[in-house]
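Notes for the one structure printed next.
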Amino acid sequence: MIKKTRYDVVVIGAGIMGCTTALHLAKSGMSTLIIDKGKICREASGVNAGTLTIHMTRAQLIPFAIKGWELWMNTNKWLGEDIEIVKTPGLCLAFTEADEELLVQRSKERIKQGASIKLISKKEALNIEPSLSQNIRMAAFCEMDGFVSAYKTGLVFSKAFNKIGVEVIENEKIEIVENSDKFFVLKNIKNNFFVEANNIVLAGGVWLEEMLKWFQINISIKCLPQQLIVTERVNKILNSVITIANGKLSLKQFLNGTVLIGGGWPGLRDMKNDKFETIHENFIGNIQLACYSIPALKTSRVVRVWGGLEAETKDAMPIMGQIPNIDNAYVIGSFHSGYTSGPYVGYLMAQMILGNEQKNQNLFSLSRLL
Amino acid sequence: MSQDLREQHKYDRGKSVKIYFNDEELIAYEGENLAAALYSSNKKTLRYSSKLKMPRGIYCLIGSCQECILLINGKKALACLTRITENMTIESIDLNDNPRV
Amino acid sequence: MIIQEYDIIVIGAGPSGIAASVTSALNGAKVLIVDSNFDTGGQVYKPPPDTFQEIKKNYSTEIKIQKYHKKLLEEHGVHIALEHTVWQVSKGFQIYAFNNRNKKISWKCKTLIVATGTYERIIPFPGWTSPRVIGLAASTTLLKSHRVLPGYNTIVAGCGPLLAVVASGIIKAGGHVKAVIDLNGPFSWFSSISSMLTNPSSLIQGIGWLKDIIFSRTPIYFNSIVKEVINHKNELEINITKINSKGLINTENIIKINADSLCIGHGLIPSLDILTILGVKKFFDFQSASWLAKTDKYFQTSVNNLYIVGDGAGISGAVPAYEKGLLAGHSASLNLNFISHKYFQRITKKIFVKLKKFEKFGKSMAKLMTPPSGLIQNITDDTIICRCEDIKRGEIEKAIKSGAIEINQLKAWTRCGMGPCQGRTCEDTIARIMADHVGDRQTVGMFARKMPIKPIPMDCAVGDFKYEDIKKVEEAPL
């Protein structure tokens with residue numbers, strides 16, 4: 001239940017970006033409300049693989065991912081409690097000559113951006129990860145890798161919000177936002193829901209395209225449905241996060257023994273019914289790649305396949321900052337590997353709103369897409 | 001006490017064969033249901049549960065609950081959907097490397 | 001991988017699946033029937049393995065029916081795929097299955113008829129995960145099909161006609177039933193007798209079951225539940241207590257009985273895994289306390305050319321199940337233009353008349369199988385609810401207090417339903433617990449179903465392949 005009719009800031013979208021933004025704004029004294037059409041941290045932020053890898057992050061976003069990684073490893077400091085985070089090294093594999101070339105090139109780009117990636121031999125890789133296939137030629141190694149259990153973060157944010165006084169409204173879809181001179185009015189007329197805000201932050205993930213229309217902004221944001229696969233619990237076979245040269249595989253084993261397989265293989269998404277459909281050949285291809293990399297996986301059973309979501313702008317770069325020509329309205333989203341950088345960019349967004357951050361003001365400006 | 005819960009007198013169960021459960025030799029009948037055969041030979045504990053490591057055995061017998069998952073001739077399969085063949089080797093799946101989370 | 005195309009595929013070879021298959025084949029369709037079991041008959045007509053020989057060749061009615069049904073399938077050219085587990089069904093009906101030799105196979109069809117029946121509901125109690133505790137429906141399988149006793153000294157508990165079936169089955173097989181614990185009272189049995197009269201053959205069957213129990217002087221405890229089971233080395237100590245009509249314990253009195261096995265069950269829940277993945281419209285039926293698919297009177301769901309028949313469409317027993325299968329078979333045949341509208345009207349009219357006669361009996365039996373909602377109050381915080389992940393009631397209550405009001409949210413916060421059974425075993429209990437806090441089962445919802453429908457071994461799914469064979473996808477952006 002909302003306690004006021006007007007807030008200093010209302011954040012629409014309770015994923016990792018929205019939640020972190022709201023958290024920092026509230027910490028600095030703004031009365032904050034966060035709204036989601038579903039449950040907190042249950043859309044893209046709830047179903048992704050939770051990989052905190054540098055190997056798969058877009059090169060240009062590496063500085064943000066590195067800072068994000070550090071925040072994930074220390075959630076006690078900013079989120080109030082330790083969450084289930086596993087810090088592991090990350091290995092990116094090459095099986096063929098072409099893989100090798102690609103790996104060297106991509107690692108170089110990431111090193112340029114500040115990542116500490118080292119190229120290692122097959123022998124060294126097998127030393128770190130004995131269950132690796134004997135067919136690897138070489139690998140890239142990064143000390144800074146790991147993963148979180150994405151589906152659990154909603155609960156942790158819930159608790160933090162409770163403590164700090166951020167109000168949370170779930171299951172309320174904002175249909176329309178009116179912009180008067182002094183404040184914004186957010187409405188769902190059918191449900192008789194109204195709330196006013198001095199500042200508004202759109203953190204709606206794959207629904208940002210729809211939301212930006214409230215401000216007469218028409219840009220196209222692609223929604224990429226991505227396949228995620230999980231096994232039953234198996235005995236320990238992975239010490240590290242595994243990726244491959246072309247970026248189309250991610251493998252990690254949680255503390256409970258289940259192995260999560262990702263890599264961005266596409267599925268089909270029925271946007272109207274919010275349903276993900278597996279493309280059979282992509283399921284087979286994804287697990288073949290996984291079993292090729294870690295042969296011991298062949299003895300396990302797949303128990304579930306679902307769809308993650310990634311939002312992508314036309315130039316595949318994020319949007320973050322003020323909405324052009326609208327005072328006090330902000331937008332954040334469409335970060336590739338956004339889960340890793342989420343805690344940091346959410347913090348940056350909050351600083352921008354508070355007026356403390358001038359440097360990155362135009363880095364991912366929305367106006368470039370207009 | 002040697003226990004055999006198989007119903008007596010009504011059926012000729014066919015060819016009797018040796019099978020091996022966790023290295024122990026048992027007598028069973030070719031074509032019999034594996035879950036039932038193990039149960040009737042007093043091999044009621046088939047595995048230990050994921051976190052609390054408590055004994056588990058047959059439960060639904062229709063391939064739904066996944067409690068009777070075992071390594072059967074080296075491959076994972078449900079005992080309740082498996083028929084006995086001669087010299088079948090059955091092993092409990094040891095998840096002891098799994099930390100209790 | 002060979003992909004065979006059929007007009008109609010039926011998943012589940014119980015009476016309703018068989019009826020649908022045979023009818024469609026008779027009408028001219030190319031039909032495949034699939035089942036994970038090693039023989040046809042479903043849960044009702046479960047025959048012993050074909051390697052068993054009956055010594056006196058005195059086949060029971062059920063075995064006779066099973067053999068007759070199988071003959072019908074074979075005579076009418078229905079393709080039969082036994083020992084196949086379906087793990088994925090995609091839109092437009094591509095079916096993926098794996099067999100008992102770990103080989104995968106795929107089929108395509110224009111119309112899909114789901115006849116996967118039900119699975120068992122058991123309301124948990126302390127000690128229920130013991131290997132000496134098995135389901136009531138599971139016990140019928142153990143007895144009828146596998147010809148194995150649950151124990152030498154068994155307690156049979158729960159509700160519904162399966163109590164009598166299992167108790168008399170144990171006695172007939174030479175075992176000993178120490179007690180029957182019925183959570184219903186004797187009155188509820190009598191109240192169903194009137195409806196049994198519309199189906200005389202069932203009444204005779206019912207009397208047959210009761211006769212064995214009465215003659216063996218088996219004590220029956222009415223309005224009672226198993227409160228707790230304590231595991232000792234080779235036996236169980238079973239604590240029994242009385243409940244009121246709402247299912248709540250209303251006394252301090254506990255009766256302790258020792259036994260070496262416990263067969264317990266609280267009804268059946270229609271299996272909706274495949275239908276849910278395909279996106280059918282559903283509703284929560286408060287009478288049977290289960291989710292059901294919305295269908296037309298020929299059992300077609302809200303998705304075109306997708307049918308649900310048998311107990312999966314609502315529990316009413318084996319005989320109505322057969323008639324439902326016939327209706328769906330004819331409807332599917334009509335939609336594929338194998339039969340004329342005139343013929344369809346004529347023949348389905350007769351089936352509806354038959355169905356009406358059986359419905360009342362089936363519904364009253366189903367009522368006996370639905371446990372009262374109060375039963376969950378007896379589950380202690382220390383009792384395991386999610387068997388796969390060893391999650392206790394206390395953890396579930398904690399998550400609800402932290403704000404989980406919908407079952408998938410609870411799943412995300414506790415891991416309930418994330419194990420190999422994907423929530424089939426614990427969903428009903430968790431939903432009941434949540435409904436107590438949240439208001440009703442409709443709000444609580446059901447676990448989202450995703451493929452695979454059953455766990456699929458990786459080595460079976462990947463097959464034999466080389467690195468070059470792996471499908472190429474667009475490289476991730478730099």
query: Looking at (1) more than 20 Å from A:K4 (Cα to Cα); (2) surrounded by fewer than 21 Cβ atoms within 10 Å (Cβ to Cβ), which is the one condition that is false for A:L91?
result: (2)
A:A203 away from every other protein chain (no Cβ under 14 Å), in contact with a Leu (Cβ under 8 Å, 6 or more places away or on another chain) and surrounded by 16 or more Cβ atoms within 10 Å (Cβ to Cβ): no
query: Do we find a residue being without any contact (Cβ under 8 Å) to a residue 24 or more places away in the chain and basic (K, R) anywhere in the range B:17-35?
result: no
- request: Could you check how many residues of the range A:133-150 are over 20 Å from A:E101 (Cα atoms) and surrounded by fewer than 23 Cβ atoms within 10 Å (Cβ to Cβ)?
  value: 4
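One line per residue, one yes/no per condition, for (1) outside any strand (DSSP E or B); (2) facing chain C (nearest Cβ under 7 Å); (3) out of contact with any Phe, Trp or Tyr (no Cβ under 6 Å at 6 or more places or on another chain); (4) among the aliphatic types (A, V, I, L, M):
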residue	(1), (2), (3), (4)
B:Q8	yes, yes, yes, no
B:V17	no, no, yes, yes
B:A28	no, no, yes, yes
B:A36	yes, yes, yes, yes
B:L52	yes, yes, yes, yes
B:S64	yes, yes, no, no
B:T85	yes, no, yes, no
B:V101	yes, no, yes, yes
Restricting the range A:261-305 to residues that are under 23 Å from the mean Cα position of the chain (by Cα) and aromatic (F, W, Y), the residue that is nearest to the other protein chains (Cβ to nearest Cβ): A:W265
- request: Would you mind listing the helices (runs of 4 or more DSSP H) fully within the range A:23-118 where at least 1 residues are closer than 21 Å to C:A476 by Cα?
  value: A:44-47, A:62-72, A:97-112
- request: Look at the range A:217-269 and say how many of its residues are within 30 Å of A:E101 (Cβ to Cβ) and among the polar types (S, T, N, Q).
  value: 8
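I'd like the full set of residues that are at positive phi and touching a residue at least 40 places away in the same chain (Cβ under 8 Å), limited to the range B:48-68.
Looking only at the range B:48-68, we keep the residues that are at positive phi, and these are B:53, B:61, B:63, B:66.
Residue satisfying the conditions is B:K53 alone.
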- request: Consider C:H146 carefully, then state whether it is touching a helix residue (DSSP H, G or I) at 6+ places or on another chain (Cβ under 9 Å) and within 30 Å of C:N337 (Cβ to Cβ).
  value: no
message: surrounded by 24 or more Cβ atoms within 10 Å (Cβ to Cβ), more than 30 Å from C:I405 (Cα to Cα) and not β-branched (V, I, T): is that true of A:A22 in this structure?
response: no
query: Within the set of pairs 6 or more residues apart or between chains, which connect a residue that is not assigned by TED's automatic domain parsing to the domain that holds C:P126 inside the range C:394-406 to a residue that is in a loop (DSSP other than H, G, I, E, B) with Cβ atoms less than 8 Å apart?
result: C:G394/C:D381; C:G394/C:D382; C:I396/C:C416; C:E397/C:D381; C:E406/A:K39; C:E406/C:G445
Restricting the range A:272-298 to residues that are surrounded by fewer than 23 Cβ atoms within 10 Å (Cβ to Cβ) and either part of a strand (DSSP E or B) or in contact with a Cys (Cβ under 7 Å, 6 or more places away or on another chain) (or both), the residue that is modelled with the lowest pLDDT: A:K275
message: With closer than 25 Å to C:K242 by Cβ and of a type in the set (A, V, I, L, M, F, W, C) as the only criterion, which of C:M418, C:M369 stands out?
response: C:M369
Residue within the range C:25-44 that is farther than 25 Å from B:Y29 by Cβ, of a type in the set (A, V, I, L, M, F, W, C) and within 14 Å of chain B (Cβ to nearest Cβ) present: yes
task: Identify all residues within the range C:280-313 that are touching a residue at least 60 places away in the same chain (Cβ under 8 Å), part of a loop (DSSP other than H, G, I, E, B) and more than 15 Å from C:T111 (Cβ to Cβ); write none if there are none.
output: C:F286, C:Q287, C:S288, C:A289
- prompt: Restricted to the range A:216-229, and to residues that are surrounded by fewer than 18 Cβ atoms within 10 Å (Cβ to Cβ) and more than 18 Å from the chain's Cα centre (by Cα), which residue is farthest from A:R304 (Cα to Cα)?
  reply: A:Q216
query: Here are A:E109, A:E101: which of them is in contact with a helix residue (DSSP H, G or I) (Cβ under 6 Å, 6 or more places away or on another chain) and surrounded by fewer than 20 Cβ atoms within 10 Å (Cβ to Cβ)?
result: A:E109
- request: Could you check the range C:120-195 for strands (runs of 3 or more DSSP E) lying wholly inside it with 2 or more residues that are crowded, with 20+ Cβ neighbours inside 10 Å and away from every other protein chain (no Cβ under 12 Å)?
  value: C:153-158, C:176-182
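Go through the range A:232-247 and count every residue that is in contact (Cβ under 8 Å) with a residue 40 or more places away in the chain and out of contact with any helix residue (DSSP H, G or I) (no Cβ under 7 Å at 6 or more places or on another chain).
Of the residues in that region, 6 qualify.
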Hey, A:F64 among the aromatic types (F, W, Y), touching a Pro at 6+ places or on another chain (Cβ under 9 Å) and either within 22 Å of A:I244 (Cα to Cα) or at pLDDT 95 or above (or both) or not: yes
- request: Determine the pairs where a residue that is in contact (Cβ under 8 Å) with a residue 12 or more places away in the chain and at the interface with another protein chain (Cβ under 8 Å from one of its Cβ atoms), located within the range C:455-478, has a partner that is in a loop (DSSP other than H, G, I, E, B) and surrounded by 19 or more Cβ atoms within 10 Å (Cβ to Cβ) with Cβ atoms under 7 Å apart, the partner being 6 or more residues away or on another chain.
  value: C:P455/A:E232; C:P455/B:Q66; C:P455/C:P420
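The values are calculated or read from the model by the stated rules, or taken from the named source; none is laboratory data. Note that this is a predicted model, so its numbers are computed, not measured. All Cβ positions, glycine included, derive from the backbone under ideal geometry; neighbour counts span all protein chains shown.
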